[in-house]
Amino acid sequence: MFNTHSVEIDWGGRPLRLETGKIARQADGAVIASYGETVVLATVVAAKAPREGVDFLPLTVDYQEKAYAAGRIPGGYFKREGRPTEKETLVSRLIDRPIRPLFVDGWRNETQVIVTALSHDMENDPDVLAMVATSAALTLSGVPFRGPIGAARVGFINDEYVLNPALDEMGETQLDLVVAGTADAVLMVESEAKE
């Protein structure tokens, strides 16, 4: 019925699965990425014609972490999701920084990337997974994107580097390093460390 395609690799000792063709089929590119029980959906839509009078890349990146993804429903007086949280804003920037320089110079078509956390297992942080899913969706979308990118979180626990440490291990880590890049260049490094 649907023309689906999926790829699975071992990533830090756990399977990372990328799947496309099942949902969000009207988007130019859509990828569901799962790592453990954490699942994100990345969609890309680009305008067919460039915006007039624009001399910059009109790229919008929105990361959304709905309360239902972690099994929480907003309670009390406000039952709706509010404005983006600080974490959602920071993850949106984390996704934007490595992909923005990879668009072809002169691309002036409005491009929108929306990444939604569908499920959060409270073990694997969806931020790096969102970066990988976005890269795959952009690559499939047909926009002039010189990717894909790879991204990973590196921790330093018990004198050893750990690829994509679980959330419960992050309390023990001396290093929280997020790196993203292509096969040829490092595009972004964000780090926090203890002495």
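List the trypsin sites (Lys or Arg not before Pro) in the stretch 117-195 that DSSP assigns to loop (not H, G, I, E or B) and whose Cβ has at most 15 other Cβ atoms within 10 Å. Which are they?
Working: sites: ARG146, ARG153, LYS194; in loops: ARG146, LYS194.
Filter output for the stretch 117-195: ARG146, LYS194.
For the chain, the Kirkwood estimate of hydrodynamic radius, built from reciprocal distances between every pair of different alpha carbons, is 17.7 Å. Sorted largest first, the spans of the alpha carbon positions of the stretch 128-195 along the three principal axes are 43, 22, 15 Å. Of the candidates ILE149, ILE23, ILE99, which one comes out as most mobile in a Gaussian network treatment of the chain with C-alpha springs shorter than 10 Å? The residue that fluctuates most here is ILE23. For the options GLU19, GLU172, GLU123, a Gaussian network treatment of the chain with springs between C-alpha atoms closer than 10 Å singles out GLU172 as fluctuating the most. Calculated mean residue ellipticity at 222 nm for the chain: -5000 deg cm²/dmol, from DSSP H runs with n ≥ 4 weighted as -39500 (n - 2.57), summed, divided by the residue count and rounded to 500. So which residue, out of GLY142, GLY53, GLY13, gets the largest mean-square fluctuation from a GNM of the chain using Cα contacts under 10 Å as springs? Per the Cα network of the chain with a 10 Å cutoff, GLY53 tops the list. Taking every C-alpha pair closer than 8 Å and separated by at least 6 residues, the mean separation divided by the residue count of the stretch 1-56 gives a relative contact order of 24 percent. Between helix 86-99 and the chain there is an angle of about 60 degrees, using the helix long axis and the longest principal axis of the Cα atoms.
Readers should treat all values here as calculations from the given coordinates under stated rules, not as data from a laboratory. Predicted model only: the values in this text are computed from it and were never measured. With ideal geometry, Cβ positions are generated from the backbone for all residues, glycine too; neighbour counts draw on all protein chains shown.
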